[in-house]
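What follows is a set of notes on a single structure, which appears directly below.
Read-outs: derived from the displayed coordinates by stated rules, not from any lab. Quick caveat, the model's predicted, so the values are computed rather than measured. When we count neighbours, we look across all protein chains shown, and the Cβ atoms used for this are built from the backbone with ideal geometry, even at glycine.
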Amino acid sequence: MKKTLAFLSLLILVGCGSGGDLGSSNPSTGGSSGNNSSSNLSTRLVPPAPPGAPGSITTRTVSPRLEDETIRPLGTPLVVSLRQGWNLFAMPFSPPTTLTVSQPTNILGFSQYNAATAQYVDLPFAASTFTTANPLSGYWLYASAPTTVTMDGVDQREVTLQTPLVVGWNLVGSPLSTDVPTSDLVYGSGTLPQAFATFRLWPGVLGFDGSNYMELGNPPTALRAGESQWIYAYQADTLSRLGTPVGARQISE
């Protein structure tokens, strides 16, 4: 087991180097990196690029994303600030009771990644899309200018949420409307940090800054509300967030 972990660690260092920036996602070309078939490690450890530019969009001037440093209290709407261009997005409510966009015409593309086929699937950005959606699903959302999305609903905190991860890249959404500690997530029979430590999952979970994929921590300690992230699985299994008993939640609040 020690030899296997050492070998995997060496492969990651060779493929990615020591920096947190794993290189440009080349969003202007779109498409997949071919991670399932390539034997080149540096290719396998860069996720698929965002989908191709919607419509006639040819330029992607990136504006810094506005970061909300405050913790959103339960019972208030979740507000997500989108940058111009592609954004990794997550919808924690299934279904949402409210989904409003500050400038609806700014939303020009919305896609979900099918890890089993390594293909993007275009979807309408509407409340009906999330009626039966899994809160652990991750999405790409394209805005032509900085835009605000406001959404509300009932967090499924008392329900065990699950999604299967395949070997390779998986686009996973944060399942609640507040940041989720990775210690609250389970992969197979162990916690997410244990899966990172034993390299069942690559600990370099990735987000997107508008032009490049960036490590969210190696390993990350939390998944941000309203966002999704790329997780690379070396072993297929089920990712879960176990439901919190109602009594325990009331005490913690």
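Annotations for the structure displayed:
- The Cβ shell under 15 Å around Leu171 holds other residues with a net charge of -1, Lys and Arg each +1, Asp and Glu each -1.
- Debye-sum result for segment 129-253 in log10 I(q)/I(0), which assumes one identical scatterer on each alpha carbon, at q = 0.10 Å⁻¹: -0.32
- Only the Cβ atoms of Lys and Arg (+1) and of Asp and Glu (-1) were treated as charged; on that basis the dipole of segment 92-242 about its Cα centre amounts to roughly 160 debye.
- Taking 14 Å as the cut-off, the amide N atoms of segment 81-99 that come nearer than this to a point 7 Å along the Cα-to-beta-carbon line of Thr132 belong to 95.
- At R0 = 25 Å, FRET efficiency that the Cβ-Cβ distance of Ser183 and Ala145 yields, to 0.05: 0.10
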